[in-house]
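Have a look at the structure below, then the notes.
The values are calculated or read from the model by the stated rules, or taken from the named source; none is laboratory data. Just so it is clear, the model here is predicted, and its values are computed rather than measured. Positions of Cβ are generated from backbone atoms using ideal geometry, with glycine treated the same way; all protein chains shown enter the neighbour counts. We work out accessible area using only protein heavy atoms, side chains counted, and drop any ligands, DNA or RNA first. Shrake-Rupley method; radii C 1.70, N 1.55, O 1.52, S 1.80 Å.
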Amino acid sequence: MNDMNQLLQPVSMLPGVGARRVTMLARLGLATWFDLLTFFPRDYENWLSLTPLSELEHQQTAVFRATVAQKPVLSRKGRLNILQTVLQDDAYSIKAVWFNQPWHAQRLVPGQTFVFRGRVKRKGRLFSVENPSFEPDEHLPEKQRLRPVYPLTQGLRQSFIRQLTENLIPRVISIVPEPLPARIRREYHLCAAAFAYSRIHHPADWEEADICRQRLAFEELFLFQAGIYLLRQSARDSRKAYRAVISESRRHILQACINQLPFTLTHAQQQAWQTIHHDLGSERPMNRLLQGDVGSGKTVVAALAMLHCALAGMQAVLMAPTAVLARQHHQTLARLLAGSGFEVELLTGATKKTDRNKLLQSLEEGGLQLLVGTHALIEDRVRFKCLALAITDEQHRFGVRQRIRLTENTSGETENKAQSESTQLVPHVLVMSATPIPRTLALMLYGDLDISVIDQLPEGRKPISTYTARQKDRPRIDALIRKTIDAGHQVYVVCPMIEESAESDLESAENVWQRISAQMPDSHEAGLLHGRMKPSEKDKVMDRFLSGKCAVLVSTTVIEVGVDNPNAVLMIIENAERFGLAQLHQLRGRIGRGEQASLCVLISEADDELARSRLTAVCRSRDGFELAEKDLQLRGPGDFFGTRQHGLPPLRVANLYQDQDLIQKSRKALNSLLREDPDLMHAENRIIRQTLNLRYGDVFAHIGI
Ligand code: ADP
Ligand code: MG
């Protein structure tokens, strides 16, 4: 019925696309016409301004008009065949060379004029250009003077994709959907969809390219947020949450627990706790992000929230991304809640079968109220009697899907009683994260998630000094390790995972460990921790480190999140250039937790300017937000703020960092629309849902936000 669906035709329906190319296009995620239409250029080749030969510069990528001055000569050098000629304009000449492109010889007829584009080199007074592309002068219409450069992988040529989009656009221009209402386009000065989709591939000039990009990024952000909104809306329906309210007679227990803490809560912690406390007592499901830099003390806030639920006679669960962290949380919670009379249990992949069965039964019957665990918690067999609160720690380590699963494993009891969906109670949700996401981005990714920020570190934190070092400084670093352990303190040595290959990851950490072990005095031991060890082995090593028996812990980034050992005051990071800045910051957050001043050494042999300036940034700043922004500035947005890790579809034009302004505007536009049409069901707004479908299929539906 809808023309728009023609956009879902396979790419094989375009001329020149055979089976082999279908496969290659598929590798880029290009299966349909629409995929191709939204495969936007990452840049443009500039053929706009011509440089006279007399003004060419060494190493410049130049576009120039010139005439072929002599018959091209073809020669051979081993397997290379070389085509050479001389090009000239009124005043100057330049040598042109093509390697392994003998076919150009036919076109390069002496006396013919072309526009050339290529990188110019200069040797003495002689200029040359290698492998220039060229077009007959009169055949280069105005609109083709900015040529799209697509983000290609090997095997496909730019010219092929250019040809495809040139073929495609006239066929689809009349059926490109326009999901943005005219009113919104006017208000935000956005061009029409058909114009944007076609001209982004072949803009007349930079200004036009920019106008198209703005419009498309706005549309993308608008639709993306609409998708998240609709999903939440359908997931939320009319369900209510458990109201966790503590009876008068038990209230003092919570206060007593706060009073018994070995420290006083910071103002920021108190505020976060007050808000959460209030949310828990409401039947409106809490959906809150608790954000706080490493070491800001999120765990104790989680502990109080869990105790609150237990005192209200309900259950609470905390999910951590690694077994090491889950174990540690379990210990911390058990310690913090020791006087409260509630047991805290631990469930990980390593939990023994008999223990596990007992635990699961107790959970289902409601005898067990507080649980900490890993992904093991989202297995189907885990059922709660009345789960009032589900917390995920270091939430960036989980996909959205996993987070949702945790909240779905609610009461088996409700089902037994065959209560209808709408009366089934859902748990409150708290996600904790040290990832410093600017607020606009958080709003974008988490939609209507409420946000609490712990923007204050506990007092008395000793500074962490951070320095860079090189291999040649080894002896000094070894001496530093020795001095630290002699003083009774502990040391982290962190090795990167080298690429995806687990083999080399294992080896590098292991090599370092062997080297360090060999130098350890007899009285001390070094432990090794990496992702491929059995959970029970990891636990053993971690235990020895936390209890002080092991003085040096050599590890991969498994310790990145959460681990808390105040006696560790020195961290050595190997191949530091391989880490993201935010990751280095998180790693460094493992030290500086006790009374001692701490030291972090970033070892790197990298010499390029970018790597050095990134490491310098870490040495200079202890502010996670600042570093994250710096990282983005220096590296461009990687996966750090990327949507992929959140289980959401990737953005194709918009950039979560650079387009913060557009995020805000599109959000505002969407909200104004939703005020009039909360379900986006009005006839004129149907197109939004349809475009969402076209663009994302049922991706959003599967995420189940
Ligand atoms: P994160 O927010 O990174 O998860 P943690 O919850 O692990 O931080 O807390 C870091 C350390 O700070 C822990 O050793 C914890 O006991 C301690 N801590 C938490 N709150 C306070 C406070 N208000 N005053 C002093 N120390 C605190
Ligand atoms: Mg933590």
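Taking every residue in the range 455-467 that is farther than 20 Å from Thr616 by Cα and pairing it with any residue that is away from ligand 1 (no atom under 12 Å from the Cβ), at least 6 positions away or on another chain, the pairs with Cβ-Cβ distances below 8 Å are Lys462/Gln596; Lys462/Ala597; Lys462/Ser598. At least 1 residues being more than 16 Å from ligand 2 (Cβ to nearest atom), at pLDDT 85 or above and surrounded by 14 or more Cβ atoms within 10 Å (Cβ to Cβ) is the threshold, and among the helices (runs of 4 or more DSSP H) wholly inside the range 409-489 those reaching it are 474-486.
Checked against (1) farther than 19 Å from Ala334 by Cα; (2) β-branched (Val, Ile, Thr); (3) open to solvent by less than 40 Å² (accessible area, probe 1.4 Å); (4) assigned to a helix (DSSP H, G or I), Val294 passes all but a single condition, namely (4). A residue that is away from ligand 1 (no atom under 13 Å from the Cβ) and acidic (Asp, Glu) cannot be found anywhere in the range 293-304.
Residue count for the range 276-287 under the criterion of being more than 15 Å from ligand 1 (Cβ to nearest atom) and not in a loop (DSSP other than H, G, I, E, B): the result is 5.
Among residues belonging to the range 147-177 that are open to solvent by 50 Å² or more (accessible area, probe 1.4 Å), part of a loop (DSSP other than H, G, I, E, B) and not small (Gly, Ala, Ser), point out the one that is modelled with the highest pLDDT. Only one residue fits best here, namely Ile173.
Condition check: away from ligand 1 (no atom under 16 Å from the Cβ), within 21 Å of Glu343 (Cα to Cα) and in a helix (DSSP H, G or I). Does Leu254 satisfy that? Working first, answer last.
Values: away from ligand 1 (no atom under 16 Å from the Cβ): yes; within 21 Å of Glu343 (Cα to Cα): yes; in a helix (DSSP H, G or I): yes.
Considered against the rule, which asks whether it is away from ligand 1 (no atom under 16 Å from the Cβ), within 21 Å of Glu343 (Cα to Cα) and in a helix (DSSP H, G or I), Leu254 comes out as yes.
In the set Ala310, Ala226, which member is away from ligand 2 (no atom under 16 Å from the Cβ) and within 30 Å of Lys665 (Cα to Cα)? Only one candidate qualifies: Ala226. Residues of the range 257-275 that are within 16 Å of ligand 2 (Cβ to nearest atom) and either open to solvent by 90 Å² or more (accessible area, probe 1.4 Å) or assigned to a helix (DSSP H, G or I) (or both): Phe263, Ala268, Gln269, Ala272, Trp273. Considering the range 556-574, the residues that are closer than 22 Å to Asp478 by Cβ and at pLDDT below 90 include one that is farthest from ligand 2 (Cβ to nearest atom), namely Thr556.
Candidates Ile228, Ile200: the one that is closer than 12 Å to Phe40 by Cβ and under 29 Å from the mean Cα position of the chain (by Cα) is Ile200.
Identify, from the list Trp47, Trp98, the residue that is modelled with pLDDT of 90 or more and buried (at least 17 other Cβ atoms within 10 Å of the Cβ). The unique qualifying residue is Trp98.
Do we have Leu265 as more than 7 Å from ligand 1 (Cβ to nearest atom) and touching a residue at least 24 places away in the same chain (Cβ under 8 Å) here?
On the way: more than 7 Å from ligand 1 (Cβ to nearest atom): no; touching a residue at least 24 places away in the same chain (Cβ under 8 Å): yes.
Criteria not met by Leu265.
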